[in-house]
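Every number in this text was worked out from the coordinates using simple rules, so none of it is lab data. All values reported here derive from a predicted model rather than from experimental measurement. All Cβ positions, glycine included, derive from the backbone under ideal geometry; neighbour counts span all protein chains shown.
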Amino acid sequence: MARYATILGTGSYVPEREITNATFAEWMGAVSPKLAEVVGKFENSSGIKTRFYAPDDWATSDLAAEAGKRAIADAGITPEDIDLVLVGTDSPDYITPATSVVTQHKLGAVNAGTWDIGCACASFPTGLAQAAGMIATNPNLKYVLVIGAYMMHKLADVKHDVTSFFYGDAGGAAVVGASDKPGFISSSIKADGSYHKHWGIYSGGTYEPATVESVEAGRTKVKLVTPFPPTVNHEGWPARVRECAANGGFEVKDIDHIIFTQVNVNSIKLVMGELGLPVEKAHYVMDKWGYVGSACLPLAFDDAIKLGKITSGMRVVLCGSGVGYNQAAVCFIMP
């Protein structure tokens, strides 16, 4: 009998502390009136109106665990049932050990193996593809929990760096399980490491171990060094979607819903036009929760399901791109 991987449940978590654009503009205004004006420009171009921060004593694994609990409950299973926990993030608890192993402990998923996925916003579709492959080729595996979580505000200079406008905290998750009916259809994965010095945290690893000087200079905080050209997403997203369709043997027009990286609503609208699909087939949540990095795809995916925009039998594509850069897309038929 054929063995397939399918989505059995989803869940998400957004913390309670809200930082509105008005509050953020006040912070930037204390630095420079020009930075306060930039906040308004960012809102108009991105569609982001607010963001939420986790408690100061939380780590990314706390967000991951909260989202994971909700996905496990939605799937109707227990933490002990989980065979693998995959956590995608570029705001880890530590350099080492992995955030996934901390999340596994906090979930009580005592029977699960774990690994981290470091593809930024492309982590969740990458994780779904990995989960599907593991289930298809390992008959002993039944349930894989794939999580995207993000707490970049804690690694940023939020009171002085206007780029912090984009960073909100959240977690999102999905349980992928074995099925006798097709669920996972195809994937498309691509990277271009020539962009690796555009945006990142450049001190604290082996390239430059953290020193008093690097901390004081702000190099242990996340920095946008050089903006990415718009073509990275405006050409990359359509390419990933089309390749995903080609790899899965279906037409782009057959897609019922798409979830893209939630950083700019105008980019989503432009790409949907390029693909020849109505924008109503692309759910977005950045207006409600801001840009939440590695969590944005599972958060928007779970929200679309809960709102009834994604239902059983639909062909759904998730397409993400993250710093580095990495890009990934996956297609599932919803059970």
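Report, in debye and to the nearest 20, how large the dipole of the chain comes out about its Cα centre when Lys and Arg carry +1 and Asp and Glu carry -1 on their Cβ.
560 debye
Calculate the dipole size of segment 190-264 relative to its Cα centre from +1 charges on Lys and Arg beta carbons and -1 charges on Asp and Glu beta carbons; express the result in debye to the nearest 20.
140 debye
Let me confirm the definition first: pairs of Lys residues in segment 185-333, 8 or more apart or on different chains, C-alpha distance under 20 Å. How many are there?
Summing the qualifying lysine pairs gives 12.
How high is the relative contact order of segment 185-333, given as a whole-number percent (alpha carbon pairs under 8 Å, six or more residues apart)?
36 percent
Would you mind ranking Val279, Val222 by Cβ crowding within 10 Å, fewest neighbours first?
Ordered from fewest to most neighbouring Cβ atoms within 10 Å, Val279, Val222 come out as Val279, Val222.
How big is the charge dipole of segment 4-180 about its Cα centre, in debye rounded to the nearest 20, if each Lys and Arg gets +1 on its Cβ and each Asp and Glu gets -1 on its Cβ?
260 debye
Could you rank the peptides 163-169, 306-312, 26-32, 86-92 by their average count of other C-beta atoms within 10 Å per residue, with the highest value first?
For the peptides 163-169, 306-312, 26-32, 86-92, the packing ranking is 86-92, 163-169, 26-32, 306-312.
Within 10 Å of each residue's Cβ, count the other Cβ atoms and sort Asp256, Asp180 from fewest upward.
Asp180, Asp256
Rounded to the nearest 500, what is the 222 nm mean residue ellipticity of the chain from helices alone, with -39500 (n - 2.57) per DSSP H run of 4+ residues and division by all residues?
-10000 deg cm²/dmol
Segment 284-305 to segment 147-183: how many Å between their Cα centroids?
Cα centres, segment 284-305 to segment 147-183: 8 Å.
If each residue of separation counts as 0.36 nm, what is the full-extension length gain between Asn138 and Val279 once their alpha-carbon separation is subtracted?
46.9 nm
Based on other C-beta atoms within 10 Å, arrange Val212, Val316 from fewest to most.
Val212, Val316
Where a Cα-Cα gap under 17 Å defines reach, which aspartates and glutamates qualify for Lys106, not counting those fewer than 8 residues away within the same chain?
The reachable aspartates and glutamates, counting only those whose Cα sits under 17 Å from Lys106, are Asp57, Asp62, Glu66, Glu80, Asp81, Asp83, Asp93, Asp116.
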